[in-house]
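The values are calculated or read from the model by the stated rules, or taken from the named source; none is laboratory data. Only a predicted model underlies this, so the values are computations on that prediction, with no experimental measurement involved. Cβ sites come from the backbone with ideal geometry, for glycine too, and all protein chains shown count toward neighbours. Remember, those area values only see protein heavy atoms, side chains included, never the ligands or the DNA or RNA. Shrake-Rupley method; radii C 1.70, N 1.55, O 1.52, S 1.80 Å.
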Amino acid sequence: MESVIVHYQEIALKGRNRPWFIERLAGALRDATADLDVARVRPLMGRIEVELGSAAEWPAVRERLSRIFGVANFARARSSGREIDEIAGAILRHLDEPGLDVDRVTSFRVRASRADKTYPLTSPQVEREVGGRIKAGTGWRVDLASPDLAIGVEILPDRVFYTLGKEPGQGGLPTATSGAVLCLLSGGIDSPVAAYRLMKRGCRVRFVHFHAYPILSRASLDKTREIADLLTRHQLRSRLYSVRFGEIQQTIVLSAPPPLRVVLYRRMMMRIAERLAGACGAKALVTGEAVGQVASQTIENLAVINDVVTLPVLRPLIGSDKEEITQEARRLGTYPVSIIPDQDCCTLFVPRRPSTRARLEEVERAERNLPVAELVDKALAEVERQEYRFPPQAAAPLVPVPEEGAAG
Ligand code: ATP
Ligand code: MG
């Protein structure tokens, strides 16, 4: 019988809340593998065992587990008896099985850990004893620093797990251990990365996208949906609010000085986002802004944009270079979608010389010509909401749900 042993790192430090964090992580592992042949997932003395059924395919299991937050690393495992000869014998027999990709292995290392501290041998002794037998049985040499094959031995009170190889995990904290936030998701490169950063810290990230459809094409809407899909592979459940924003922009274009437009758009977005956050229990807003990246992202303008909301505005990329963000988007897999050309609602209506230092008084003066509260209410009344789930087999219908007023 085969298992996967999942190790966590940061949650091991979480004091009295530890069992709660571990249960959240186990729940995420269960959900992520719900459509695979997984017999059970259970916490087991400092690690989590994912017990595989006979039909579970390792590449699929590996892919799922590699995206779950809170996992430091994981490895395929089998169990054996607790005697040294039993452990080494089981490993050697396993290495002989066909289909195991060890033909090119010439070096190995054994690392042991004892969850059962009453075990008669220390961990280094176990490593030496088991390692010696494997060396004798295979002819491989020991390489502690960078072995071809890392073998793990984990000693529990009633049995021993041994693992061959080790996969890196996503790190971070399990989803939904840090509360909910609402991320302004544009379809560009930055905001998906910003959302990912907060997801990694255990936040349930909800998304809101402002679009100018049907004045402009649906491209940004479609891109955002695809990005929401990609990000859902990590947090397993997402919600995307789509807000009609084209008329609001037209209203601003007609009444406000061109240099102030972008800041005015952002303030409208923030107001609407804060109301949606209230309706879905999000405790902060998240954006993909970075200081100085574009005109609306100077310190002065960010302050003027913040001024309309009381919720914290989290900007996890604030000190990052575009190049760093782009690399992260590539790793995350959102980059190819983000660079699909679209008619970003902000590019069409963007003035040639946006103000880099909007003053609060002039912005507020410009807003006096706008029916701000009315525009916000109208946008909220027309919000569409989509729920996302991963694995998709268990998905709720992906049809937009029209909302009346509040969007719960
Ligand atoms: P991004 O790559 O995330 O679009 P950007 O560098 O293009 O960022 P801006 O377009 O000025 O910068 O947007 C700054 C931030 O404002 C975005 O990261 C996003 O959080 C938010 N934002 C901008 N436009 C929209 C939109 N249409 N819908 C939702 N959020 C948006
Ligand atoms: Mg953008």
Two-site FRET efficiency, residue 159 against residue 300, from Cβ-Cβ distance with R₀ of 60 Å, rounded to 0.05: 0.45
Row for the range 210-317, column shape: gyration tensor on C-alpha, a ≥ b ≥ c, rounded if a/c < 1.5 i.e. under 1.5, prolate if a/b over b/c, else oblate; value oblate
Taking amide H atoms as placed 1.01 Å from N in the peptide plane, list the residues 5 or more away in sequence, or in a different chain, whose amide H sits under 5 Å from that of residue 204. 176, 178, 179, 180, 181
What does the extension gain come out to for residue 323 and residue 136, with contour length at 0.36 nm per residue minus their alpha carbon separation? 62.3 nm
Table column - 3J(HN,Hα) (Hz), the range 90-99, Karplus curve with 6.51, -1.76, 1.60, x for Gly and Pro: 5, 5, 5, 5, 4, 5, 7, 5, x, x
Does anyone have the angle between helix 219-235 and the longest principal axis of the chain? Alpha-carbon axes, 0 to 90°, nearest 10? 30 degrees
Peptides 178-188, 95-105, 279-289 ordered by average Cβ neighbours within 10 Å, highest first: 178-188, 279-289, 95-105
Farthest toward positive dipole pole in the chain [+1 Lys/Arg, -1 Asp/Glu at C-beta], among 281, 379, 215: 281
Expressed as a whole-number percentage, the relative contact order of the range 180-400 with C-alpha contacts under 8 angstrom and at least six residues apart is 32 percent
Expressed per residue, the solvent accessible area of the chain in Å² (1.4 Å probe) is about 46 Å²
Acute angle (nearest 10 degrees) that the helix 123-138 long axis makes with the longest principal axis of the chain, alpha-carbon atoms: 70 degrees
In debye, nearest 20, what is the charge dipole magnitude of the chain about its Cα centre with +1 on Lys and Arg Cβ and -1 on Asp and Glu Cβ, if you could check? 740 debye
Please pull out the direction-averaged projected area of the range 1-46, using the convex hull of its alpha-carbon atoms, in nm² to one decimal place. 3.4 nm²
Under unit Cβ charges (Lys, Arg +1; Asp, Glu -1), what dipole magnitude, rounded to 20 debye, does the range 112-189 have relative to its Cα centre? 160 debye
Could you check the simple spin-label distance between residue 2 and residue 143, using points 7 Å along Cα→Cβ, in nm with one decimal? 2.5 nm
What is the range 3-168's relative contact order, in percent, from Cα pairs under 8 angstrom and six or more apart in sequence? 25 percent
Can you pull the three principal axis extents for the Cα set of the range 101-208, in Å, largest first? 60, 37, 20
Could you sort 199-209, 166-176, 351-361, 66-76 so that the peptide with the highest average Cβ count within 10 Å comes first and the rest follow in order? 199-209, 66-76, 166-176, 351-361
Residue 331 paired with residue 118, simple spin-label distance in nm, labels 7 Å along Cα-to-beta-carbon: 4.4 nm
Using a ≥ b ≥ c from the Cα gyration tensor of the range 58-150 (square roots of the eigenvalues), is it rounded, prolate or oblate, where a/c under 1.5 gives rounded and otherwise the larger of a/b and b/c decides, a/b for prolate? oblate
Using only the alpha-carbon atoms, how far is helix 372-381 inclined from the longest principal axis of the chain? Give it as 0 to 90 degrees, nearest 10. 50 degrees
Would you compute, from DSSP H runs of 4+ residues alone, the mean residue ellipticity of the chain at 222 nm, taking -39500 (n - 2.57) per run and dividing by the full residue count, rounded to the nearest 500? -11500 deg cm²/dmol
Nothing charged except the Cβ atoms of Lys and Arg (+1) and of Asp and Glu (-1): what's the magnitude of the dipole of the range 187-344 about its Cα centre? Round to the nearest 20 debye. 680 debye
Here the tail fraction of P(r) beyond 30 Å, over all Cα-Cα pairs of the range 3-168, rounds in percent to 17 percent
Just to check I understand the Karplus step: with θ = phi - 60° and J = 6.51 cos²θ - 1.76 cosθ + 1.60, what whole-Hz values come out for the range 175-183, glycine and proline as x? 4, 6, 9, 10, x, 9, 9, 10, 9
Using amide H atoms built in the peptide plane, which far-off residues or other-chain residues are under 5 Å from residue 286 H to H? 182, 183, 184, 314
Using a basic spin-label model with each label point 7 Å from the Cα along Cα→Cβ, how many nm lie between residue 343 and residue 92? 7.2 nm
Stokes-Einstein D for the range 152-210, Kirkwood Rh over Cα pairs, 20 °C, 1.002 mPa s (µm²/s): 153 µm²/s
Percent breakdown of C-alpha pair distances by 10 Å bin, ordered from the shortest bin, for the range 180-400: 8, 35, 40, 15, 2, 0
How high is the relative contact order of the chain, in percent, counting Cα pairs under 8 Å that sit 6 or more residues apart? 16 percent
If the label point sits 7 Å along Cα→Cβ of residue 125, residues of the range 72-106 with amide N under 19 Å come out as 81-89
Can you pull the percent of the chain's accessible area that's carbon plus sulfur, 1.4 Å probe, other chains left in place? 50 percent
Compute the Cα gyration tensor for the range 292-355, then decide on rounded, prolate or oblate, letting a ≥ b ≥ c be the square roots of its eigenvalues: rounded whenever a/c is under 1.5, prolate when a/b is larger than b/c in the other cases, and oblate in all that remain. oblate
Between the residues 28, 339, 99, the Cα farthest towards the positive end of the dipole of the chain, that dipole coming from +1 and -1 charges on the beta-carbon of Lys, Arg, Asp and Glu, is from 28
Return the Cα extents of the chain along principal axes one, two and three, sorted largest first, each rounded to a whole Å. 83, 40, 38
How much FRET efficiency would the formula 1/(1 + (r/R0)^6) give for residue 20 and residue 55, where r is the Cβ-Cβ distance and R0 is 30 Å, rounded to 0.05? 0.40
